[in-house]
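Reviewing the structure listed below.
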């Protein structure tokens, strides 16, 4: 039999999927309070997920965290502005 590497899933991956779900819900046509709550959840879960990816270099984790936080903050700002 062929020896295959078992797929590795970590807590960081799970947190990333939760953060992605929050980000998608934050883009949906929901009341403003729910949208902002979802975007806040994405702002918490996604950077934590990036920092739990220990195989990545530290600068990549920090860069992704800053970029995703900036993008989510921009989406939240436009949601408030267009209210």
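Some points to look at:
- Scan the stretch 52-68 for residues that are part of a helix (DSSP H, G or I) and surrounded by fewer than 16 Cβ atoms within 10 Å (Cβ to Cβ) and the total you get is 7.
- Selection count, the stretch 38-55, where residues are free of Cβ contacts under 8 Å to residues at least 40 places away in the same chain and under 23 Å from residue 78 (Cα atoms): 9
- One residue alone among 83, 35 is on the phi < 0 side of the Ramachandran plot, in contact (Cβ under 8 Å) with a residue 24 or more places away in the chain, touching a helix residue (DSSP H, G or I) at 6+ places or on another chain (Cβ under 6 Å) and in a loop (DSSP other than H, G, I, E, B), and that residue is 83.
- Residues that are modelled with pLDDT of 95 or more and touching a helix residue (DSSP H, G or I) at 6+ places or on another chain (Cβ under 7 Å), drawn from the stretch 9-22: 18, 19, 22
- Flag for residue 42 being in a helix (DSSP H, G or I), modelled with pLDDT under 95 and either crowded, with 16+ Cβ neighbours inside 10 Å or in contact with a helix residue (DSSP H, G or I) (Cβ under 6 Å, 6 or more places away or on another chain) (or both): no
The values are calculated or read from the model by the stated rules, or taken from the named source; none is laboratory data. Bear in mind that the values here come from a model prediction, so they are computed numbers and not experimental data. We place every Cβ from the backbone using ideal geometry, glycine too, and count neighbours over all the protein chains shown.
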